[in-house]
Each structure stands twice: as C-alpha cells, then as structure tokens.
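**Student:** Let me give you the structure first, and then I'll get to my questions.
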Amino acid sequence: MAWEDRTPFEAIEIQFGLTEKDVINLMRRQLKLKSFKLWRERAQRISHKHVKKRNPEMLGFKCKEQRQITLNKISKR
C-alpha cells in the first residue's frame, strides 16, 4: 500500500496501525537502497500521500488495477 502513490499514510495507519514514520522505517528495511530513495523522493514530492493535502476530487486511495486485499478493514465498511 505504501508503494502505491494514491494510498495515503492515514489509510495505512487505519488498516495496519503503522504511523507514517513506521511506514518509512519499514520501507527502508524492506527495499533496496536505490528503491527506497526513489520511493521516498516520490512520496515527498506528491501531495496526495496525506489526506489533508489531497485534491478533493481524488476519492479513491488505490489503483483500479490493484488486487483486492483480503481482510481489508477499509473496503469492508
């Protein structure tokens, strides 16, 4: 979810209980250094990784091609 640009950090926190800082640390540990740097640069550059900064017209938080996540608390509401 963190890799997807449209998924805000708030959605990750609701579903998995990970704060933005926790997500950054997780990505740092799990990705290759170059991949992490590219993701971090992209995440800082885009404004819709935070709900408050997003364009109000952007309603979704995932790509339509993204597979359904099992036990997804948000989509089951």
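**Student:** Among the residues of segment 1-30, count how many are among the aromatic types (Phe, Trp, Tyr) and not in a loop (DSSP other than H, G, I, E, B).
**Tutor:** Our first condition is that a residue be among the aromatic types (Phe, Trp, Tyr); within segment 1-30, this holds for 3, 9, 16.
Now narrow it down to the ones that are not in a loop (DSSP other than H, G, I, E, B): 9, 16.
The qualifying residues number 2.
**Student:** Filter segment 3-34 for residues that are among the hydrophobic types (A, V, I, L, M, F, W, C) and surrounded by 16 or more Cβ atoms within 10 Å (Cβ to Cβ) and give the result.
**Tutor:** Kept after step one, since they are among the hydrophobic types (A, V, I, L, M, F, W, C), are these residues of segment 3-34: 3, 9, 11-12, 14, 16, 18, 23-24, 26-27, 31, 33.
Matches in segment 3-34: Phe9, Ala11, Ile12, Leu18, Val23, Ile24, Met27, Leu31.
**Student:** Which residues, counting only those in segment 35-66, are surrounded by 14 or more Cβ atoms within 10 Å (Cβ to Cβ), among the hydrophobic types (A, V, I, L, M, F, W, C) and at pLDDT below 60?
**Tutor:** Answer for segment 35-66, where residues must be surrounded by 14 or more Cβ atoms within 10 Å (Cβ to Cβ), among the hydrophobic types (A, V, I, L, M, F, W, C) and at pLDDT below 60: just Phe61.
The values are calculated or read from the model by the stated rules, or taken from the named source; none is laboratory data. This is a predicted model, so every value here is computed, not measured. Don't worry about glycine lacking a Cβ; one is built from the backbone with ideal geometry, like all the others, and counts go over all protein chains shown.
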